[in-house]
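The structure under discussion appears below in the form of structure tokens.
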Amino acid sequence: MSIHHRLFAATYDTLLKPVERRELAPRRARLLAGLQGTVVDVGSGTGANLSHFRHAKRVVLVEPDPYMRARLSTRLGESPVPVTVSDADAEHLPLADGEADAVVFTLVLCSVPDQRLALLEARRVLKPGGTLAVLEHVRRPGRAGRWQDRLDGLWGRFVAPGCHLNRNTVAAIAEAGFDFTEVSRFEPPAVALATPVIAGTAVLRPGDR
Ligand SMILES: C[S@@+](CC[C@H](N)C(=O)[O-])C[C@H]1O[C@@H](n2cnc3c(N)ncnc32)[C@H](O)[C@@H]1O
């Protein structure tokens, strides 16, 4: 892990604070409050989702970055439900096949090395009928999207380590065998390059397990 990862973890909450309060926190609340049973929060970061898991039986927080995990560990008391922290990654979730009722990715599918592998792993651990909940910034169509393509390398190198501006996450979710039950799109103004953001839930397509 580089100095960049350390710096990103140290500044993440401060940088996101304005957009978090106005735009992201209400979306997180809406997306996560109804999740029940065993929930896996993949790439938990500093713990922005922690206070929103109101009805889960337990939440497994998966965070491979030690700097993020150190911050996350200081905030576990914010969770209204029991939580455990794992240093695993999205490609190797610490759950048995079909153990999870819900898998959550918020601002993570932009950063995993391979979206397909992460989504197939989510699919492995989900129960039949389980929920995939996502809140992710995605590539914009047209000219603005071409700018995101051009700036993608610089963004991942100098702004948010490993993050990509130009992923077509909605298509990747469908290709991994999920159907959206609901999805909305919004434009947090403070993070113009990393927009639009999609928020939604999906379930595994019947017969696609
Ligand atoms: C932009 S932060 C988002 C944190 C948090 N989910 C949120 O909504 O604020 C991206 C997170 O994804 C994590 N991440 C990157 N690659 C990952 C992987 N392969 N598996 C799990 N987490 C990963 C990073 O360590 C980081 O904590």
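Data table
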{"read-out": "Range of Cα positions in segment 121-179 per principal axis (Å), largest first", "value": "39, 25, 15"}
{"read-out": "Net dipole in debye of the chain [+1 Lys, Arg Cβ; -1 Asp, Glu Cβ; about Cα centre; nearest 20]", "value": "560"}
{"read-out": "Dimensionless Rg/Rh of segment 44-163 - Kirkwood Rh, Rg from C-alpha atoms", "value": "1.00"}
{"read-out": "Carbon + sulfur, % of accessible area of segment 138-209 - ligands and nucleic acids excluded, 1.4 Å", "value": "57"}
{"read-out": "Accessible surface of segment 23-75, 1.4 Å probe, proportion on carbon and sulfur as whole %", "value": "50"}
{"read-out": "Probe 1.4 Å, protein heavy atoms only - accessible area per residue of the chain in square angstrom", "value": "48"}
{"read-out": "Cα point-scatterer Debye curve for the chain, base-10 log of I(q)/I(0) at q = 0.14, 0.16 Å⁻¹", "value": "-0.79, -1.07"}
{"read-out": "FRET efficiency, R30 to K127 (Cβ-Cβ, R0 25 Å, nearest 0.05)", "value": "0.65"}
{"read-out": "Additional length obtainable on full extension of the chain from R21 to S2, 0.36 nm per residue less Cα span", "value": "4.0 nm"}
{"read-out": "Amide proton proximity set for V85, modelled H, under 5 Å, gap of 5+", "value": "L61"}
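The values are calculated or read from the model by the stated rules, or taken from the named source; none is laboratory data. From a predicted model like this one, the values you see are computed outputs, not experimental measurements. Positions of Cβ are backbone-derived with ideal geometry, glycine not excepted, and every protein chain shown enters the neighbour counts. For accessibility, only protein heavy atoms count, side chains too; no ligands or nucleic acids. Shrake-Rupley method; radii C 1.70, N 1.55, O 1.52, S 1.80 Å.
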